[in-house]
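Here the structure comes first, spelled out in C-alpha cells, and everything after it is commentary.
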Amino acid sequence: MMDSGMAIIEEKIQRAVTLIERLKEENQRLKSEIAGLREENRQLKEETGTMQEERAELKDKIDSAVSMLDKVD
C-alpha cells in the first residue's frame, strides 16, 4: 500500500515537473514574441513619423502652388 501511494506521489511530481518545463518554454517563446512585436511597433512608429513629415512637406508645397495660382488670377 505504501509503495502504491509513493508511486502516485512520484507520478504527480513528474507531471508537475513536466508542466513546469512546458510553461517555462512557453514563457520564453512569449517573451521572444513580445520582443519581436515591440521592435515592429518601434519601426511602425518611426515610419508613421516619417510619413507625417512627408505629408506636412507635401501640404506646404500644395499650399505654395495654390498661392502662386491665386496670384495668376
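On inspection, SER67 passes the criterion of being modelled with pLDDT under 95 and among the small types (Gly, Ala, Ser).
Of the residues examined, GLN14 is one that is in a helix (DSSP H, G or I), of a type in the set (S, T, N, Q) and open to solvent by 100 Å² or more (accessible area, probe 1.4 Å).
The values are calculated or read from the model by the stated rules, or taken from the named source; none is laboratory data. On a predicted model such as this, the values are computed, not experimentally measured, just so you know. Each accessible area value is taken on the protein alone, full model and side chains, heavy atoms only, with ligands, DNA and RNA left out. Shrake-Rupley method; radii C 1.70, N 1.55, O 1.52, S 1.80 Å.
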